[in-house]
Every structure is written in C-alpha cells, then in structure tokens.
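The values are calculated or read from the model by the stated rules, or taken from the named source; none is laboratory data. Since this is a predicted model, take the numbers as computed values, not measurements. Glycine gets a Cβ as well: all are built from the backbone with ideal geometry, and neighbour counts include every protein chain shown.
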Amino acid sequence: MAKCAAVAMSGGVDSSVAAGLLRREGYDVIGITLRLWEEEPSCRVENNVHACCSLDSVDDAKTVANILGIPHYTLDFRDMFRRDVIDYFVDLYARGETPNPCIACNKFIKFGLFWEQARQFGADFLATGHYARVVYDEKRQLYTLRRGDDLHKDQTYVLYQLTQDILPHLLFPMAHIEKARARELAKQWKLPVFNKPESQDICFIPDNDYKGFLERVSPDIFKAGDFVDIRGKVVGRHKGIAAYTVGQRRGLGIGGPGGPYYVIALDKVHNRVVVGGERDLFSTRVRAKSATWVDEAPTESFRAYGKIRYAAKEAACRVYPDGDGLEAEFDEPQRAVTAGQALVLYDGDRVLGGGVII
C-alpha cells in the first residue's frame, strides 16, 4: 500500500512541483493549503503574486491540485497564525528586536499544528517545497538536516528548529532540484504557476512596509526618544525604536561631525537608539537563547560555522553551549549582529542547531 504524503501547497512553484514529484514517485498525495492571514483593505495589493497563503494563492493551489489529480483541502489557521507569528513579530519589534517570522511560522504552524492536522488526514509524511534534505545517519542512528543541492536556494537557516521528533516524518522533494529545473517541470506539467515570481519573506505584509503594518496593528508601538552616540551623548530624536534595526544607515535623519551614523543598538529600557560609525557594528561574540539542536545536545565547546542572519555567509566560530542557551566566538568580527535574529550553526552542509540572538 502506497504511503500518504500531505503536501503544504502555498500556491507557488516549489510546493506545486514538490506535489508533482511525490505523485510521480508513487505516493498517495494530499494537497493542503493554509489560510494564514487576511489582507487588510488599507494595504491590499492588487494581483499580489508575491504573497503566499493569500486567497489568490489558495486558488492557485487548488488549480494545481486539480491538474495533478490529487485531492486538495484548505485549513483556516488564521487565529493560530496571528497568535504564534504576528503577535510574536509585533512583540519583538516593541522590545527592540528584529524577528524572523518565517522561523516562528515553521516551528509553530507548518511543522507543528499543520503536521498534527495532516495526521488526522491519514498522512504518513509531511512534505514541503523547502530546499533542504533529510538524511538518515546509519552510524549514529539519527536523522540529519542538510542543505539541498541548489545552494542559492538553501532554506535550512529557517529550519534549524527541526528535531528528531519530526525529521523522520518529513519529505523535501526539492532536495535535488534546482530552481530553474523546477520551473521547467512546472511548465512541462502545464501548471499555470510555472512563471510565478518568488514569494516575499513576510507574507502578511504584502506591500513590504513593515513600519506601516506595525502602526496599523499596534499604534502605540512608536514612542519618540533620543538618538545617542556610543558615549551616551544625545545627537537627535528618533521616531520609536521599532522603526529601526541594527546596521541601518538610511532614514535616520541625523548627521554631524561624527557621521555617517549607523544604528548600533536599540535600548528598550531607556527608549534610546544608539548610533555610531560603521566600525562599531562589528563584534566577535554572539549570545543566543532558546537553543535547539537537530540531534544530540552538545555538552562541550566545539568548532562550527555560524550564520547570524538568513542572507549572511556562514563564518568559522567556536561554540560554547550553556544550558538552554549558547555563545559563539567568531574568528572574524561579524557585522550588525541583531537581537531577535537566529544564530544557526553548521558542520559543512549539516545543520547542528541554533538559537535566538540576544
């Protein structure tokens, strides 16, 4: 009897091709699309092909499922998504941090609640269109999370919280597919999404104006305060710490003999934005909380490669586990280490784990 795979279909190219590949391999495939958010009328973007899980994307997923000949279901997760992702996003900005909502969505929604629901449909596996691999280590009898073949599309950074509880049940059909080939297959299978543009990172902000979004959902989040230099001298007034992120240069509206200024830190306690020169952005030590390990939690320090944000290049460091947290000392200073982002650790193409930068 064929195994059943529930595919998280976002209406994009990758998840559509993932469903097609699994069907071709003989799985009983179920397509499931999540309704995660409702566009506000004030920020709705006409024909917004960049947003995943919107109403248009649900329609695209249904069309693809019909062409592939697989059943399709839509689940309303909007309340849970608001609680676990949007509220988290707003709360971290209010605390002077810069979150990555995709990581929270993967942990709580896609590989949490979604997997629970998929099992109710009789699914043996959960599949997504992520560019990553799950490989079983025979020697250690553990599942490992590794980069996919298309390194330009590597998405393991936002998957570092996957553990042994769920890895045995995951399928990543795009593991050995390059993006160009994915589009070729979609076109070959006559899927109308074959030329659909990439979805944006923050699916619930379709106009890409995160400050405007924060003003709408939490108007009290922006409280004016002082810009101060690294010696504590006031050099101007800011519009609210939620409007800034570490490393930012443009839009500060301040200048002077100490400039150009960059955001060095956000001081929530005193409602201050600390600014300085570019050289002040670099640091070698990074602390993180809420450490998650893909397999066995380390008890001693070890060498690894760390990434401090999705777009950063991994860099050599020594890692010091510390209970539920960790600290990494990089061989070379890292630019604009930002609280709220993830520090993700690698050994070659294997993801070791990570934590939330504090």
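Data table
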quantity	calculated
Condition broken by residue 226, with the remaining ones in (1) touching a residue at least 40 places away in the same chain (Cβ under 8 Å); (2) within 23 Å of residue 107 (Cα to Cα); (3) not basic (Lys, Arg) satisfied	(2)
Neighbours by Cβ (under 8 Å, 6+ apart or cross-chain): first from the range 182-211, modelled with pLDDT under 90; second among the basic types (Lys, Arg)	206/44
Qualifying position, being among the aliphatic types (A, V, I, L, M), surrounded by fewer than 17 Cβ atoms within 10 Å (Cβ to Cβ) and under 30 Å from residue 248 (Cβ atoms), among 342, 328, 291, 316	316
Of residues in the range 209-247 being crowded, with 16+ Cβ neighbours inside 10 Å, among the β-branched types (Val, Ile, Thr) and within 13 Å of residue 270 (Cα to Cα), the one farthest from the chain's Cα centre (by Cα)	228
Qualifying residue in the range 139-148 (condition: among the β-branched types (Val, Ile, Thr) and over 16 Å from the mean Cα position of the chain (by Cα))	yes
Residue 306 vs. criteria surrounded by 18 or more Cβ atoms within 10 Å (Cβ to Cβ) and under 14 Å from residue 156 (Cβ atoms)	yes
Any hit, the range 119-139, residues being hydrophobic (A, V, I, L, M, F, W, C), touching a residue at least 24 places away in the same chain (Cβ under 8 Å) and farther than 23 Å from residue 25 by Cα	no
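Results for (1) assigned to a helix (DSSP H, G or I); (2) farther than 28 Å from residue 114 by Cα, shown as yes or no for each residue.
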site	(1), (2)
185	yes, no
192	no, no
212	yes, yes
226	no, yes
232	no, yes
236	no, yes
247	no, yes
